[in-house]
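In what follows, a single structure is set out as structure tokens and then discussed.
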Amino acid sequence: MQKFIITGGNRLNGEIELQGSKNSALPIMAAAFLAKGKCTLESCPNLTDVYSAARILNSLGSKCSITGNRAEIDSTVVSGSKISETLMREMRSSIMFMGAILGRMGECTFSVPGGCELGPRPIDMHLAALSKMGAEITDINGEITCRMPKGRGRGAKISLSFPSVGATENIILCAVLAEGETVINNAAREPEICDMCHFLRRCGARIKGDGESHIVVEGVESLHGCEYRIMPDRIAGATYLAMTAAAGGAMILKNACIAEMEPFISVLEQTGCFICAADNRIYLRRGGRLKAIRDRIRTMPHPGFPTDAQAVLMAALITADGTSVFEENIFDCRYRHTDALIKMGADIQVMGKAAVIRGVKRLHGADVEATDLRGGAAMAVAAVGAEGITRISCISHIDRGYENFEDVITSLGGKIRRE
Ligand code: EPZ
């Protein structure tokens, strides 16, 4: 099993090009299944999750190939409507293929995606919404089949009890080829949903209101292929900014989606880092010791502070001057990385949804195990600023979401190797 070996203590300096967004590439790859034609995706990140999505597409009869950062997906002719249990287990967010398969094939079969490191990942909102769009849903020993009796979904008015990103995406993916109009109230507003809708409009879909909490989709008969560039990954960007804040130094993040990163940047700058953002570039410099963040850091649906950036910001704040408090409001257990940070010398107390971070002067290296994608990245953020050597195992979690992770950190002057 591979590990990252990180020798902390170097300040980081340099500039990096931000990778394409994992959480945009995945729903867009699912959306490409709806198009009767060839889709070419640029800036597609080389990630294990993206390769899993490619395997799902090919298992459904689509032709998906990835060369460098270009994905070519031809779903002119498709044949399957079932995602195998193996592929579902490989990537729980395969659930976002449900809406696309149902929209294109009129039926879809998959095994209930289990919980994951972040806690139980229910899909009740997904199923309730698709049922309102006419799907008949059966669950036989954990294998779920959704079927549109008339072979095609019907538009519906859907109000989400929570602005679920995945549920919003699945509804849109099923609605674009449904009969009539679908309205989503309390829709998620994440930028990756807008990116998916931009892609779908380029394929001929009729969608309005994405990015707001009221989205309207007018169903069409079919979609055609297109060429599209995937948006930058705002969470990977937050990770490298947090890493530079933790280690000290200065960096330029090129190809950054500044507006979409604002909820993170507006919090990070409260640590005293100098941050300047313009023309798709973000410059960050950390001079002296970071300051703790006075206000409680609450993770919220976009445009609130992103839950995916909670762990990496925490890792930067563990050596800040003062006490910071996080409140995790999106997932049931998204503090699994704190044990590893405590092993490195952090002073963290978790109490339910809250985590209290009392700043310590310095961290030391340790042998730790990545618990999940962003938790593993947080361990690397802490390790780069720590004294001594940190070994991070189970780095397959990190490879799910970060392209060329060790090369990026090395290019900034960090000492990291994979073995
Ligand atoms: C997406 O997950 C992202 N994944 C997550 O990023 C991200 O943390 C999350 O949105 C929130 O922003 C992808 O885009 C592939 P949700 P998703 O549905 O769609 C509950 C990362 O690190 N819920 O908005 O699964 C759910 O349990 C990953 O890149 C229900 O109860 O998130 C959670 O507590 C991690 N019932 C909350 O809503 C449902 O039917 C938010 O989930 C659906 C969700």
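Quick one: how many residues across segment 65-82 are assigned to a loop (DSSP other than H, G, I, E, B) and under 21 Å from the mean Cα position of the chain (by Cα)? The qualifying residues number 2.
Within segment 218-230, one or more residues are within 16 Å of the ligand (Cβ to nearest atom) and touching a residue at least 40 places away in the same chain (Cβ under 8 Å).
Scanning segment 201-230 for residues that are under 21 Å from P301 (Cα atoms), surrounded by fewer than 15 Cβ atoms within 10 Å (Cβ to Cβ) and among the charged types (D, E, K, R) returns K208, E212.
For segment 282-304, a residue qualifies if it is within 16 Å of A238 (Cβ to Cβ), more than 16 Å from the ligand (Cβ to nearest atom) and in contact with a strand residue (DSSP E or B) (Cβ under 6 Å, 6 or more places away or on another chain), and the qualifying residues are I282, Y283, L284, I293.
To keep it simple, each residue is scored yes or no on (1) crowded, with 18+ Cβ neighbours inside 10 Å; (2) in contact with a Ser or Thr (Cβ under 9 Å, 6 or more places away or on another chain).
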{"position": "S65", "(1), (2)": "no, no"}
{"position": "S84", "(1), (2)": "no, yes"}
{"position": "T109", "(1), (2)": "yes, yes"}
{"position": "P120", "(1), (2)": "no, no"}
{"position": "T138", "(1), (2)": "no, yes"}
{"position": "F162", "(1), (2)": "no, no"}
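Taking D332, is it in the same structural domain as A382 (by TED's automatic domain parsing) and under 23 Å from R286 (Cα atoms)? Considered against the rule, which asks whether it is in the same structural domain as A382 (by TED's automatic domain parsing) and under 23 Å from R286 (Cα atoms), D332 comes out as no. Of the strands (runs of 3 or more DSSP E) lying entirely inside segment 146-242, the ones with 3 or more residues being over 30 Å from V267 (Cα atoms) are found at 157-159, 181-185, 206-208, 214-218.
Residue by residue, here is whether (1) farther than 23 Å from L47 by Cα; (2) more than 9 Å from the ligand (Cβ to nearest atom) holds:
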| residue | (1), (2) |
| --- | --- |
| G99 | no, yes |
| G106 | yes, yes |
| P120 | yes, no |
| K132 | yes, yes |
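Filtering segment 47-64 to residues that are within 16 Å of the ligand (Cβ to nearest atom) and assigned to a loop (DSSP other than H, G, I, E, B) leaves only L47. Each residue in segment 358-396 was checked for being assigned to a helix (DSSP H, G or I) and in contact with a helix residue (DSSP H, G or I) (Cβ under 6 Å, 6 or more places away or on another chain), and 10 of them qualify.
The values are calculated or read from the model by the stated rules, or taken from the named source; none is laboratory data. These numbers were taken from a predicted model, which means no experiment stands behind them. As a convention, Cβ positions derive from the backbone with ideal geometry for all residues, glycine included, and neighbour counts pool all protein chains shown.
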